[in-house]
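Structure, as structure tokens:
Each value in this text was obtained by applying a stated rule to the coordinates, not by laboratory testing. Computed from a predicted structure; not experimentally measured. We place every Cβ from the backbone using ideal geometry, glycine too, and count neighbours over all the protein chains shown.
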Amino acid sequence: MTTVSDFNVPTHSLRTIFVERFNTMREQMAKRATYRTTVAELNSLSGRDLADLGIHRSSIRSIAYEAAYIK
């Protein structure tokens, strides 16, 4: 009787783990910057401009969230 054991466990080097975490952090920072920029730009508009766009001032944060995190 022959038994073959193949333990093919993926091993990640420390460098790979660091690069993956760094990339994740960079993506999160970019999303947060998009959120902050969108909120700032929409807050700078007048009430009339927001009404022309069909946006109520209370929905600015939810619109910014969708722009940054839900694509």
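Taking all pairs of different Cα atoms in the chain, averaging 1/r and flipping that mean, what Kirkwood radius in angstroms comes out?
Evaluated over the chain, this radius sits at 15.8 Å.
Search the structure for amide H atoms under 5 Å from the amide H of Leu45, placed 1.01 Å from N in the peptide plane, and list their residues when 5 or more places away or on another chain.
none
Apply the Karplus parameterisation 6.51 cos²θ - 1.76 cosθ + 1.60, with θ equal to phi minus 60°, to every residue of the stretch 17-34 and state each ³J(HN,Hα) to the nearest whole Hz, in sequence, with x for glycine and proline.
4, 4, 5, 4, 5, 5, 5, 4, 5, 5, 5, 5, 5, 5, 5, 5, 5, 4
If you fit an axis through the alpha-carbon atoms of helix 60-69 and take the longest principal axis of the Cα set of the chain, what angle between them do you get, 0 to 90°, nearest 10?
Once rounded, one gets 30 degrees.
Magnitude of the Cβ-charge dipole of the stretch 31-71, K/R +1 and D/E -1, about the Cα centre, nearest 20 debye?
Using only the charged Cβ atoms, the result is roughly 240 debye.
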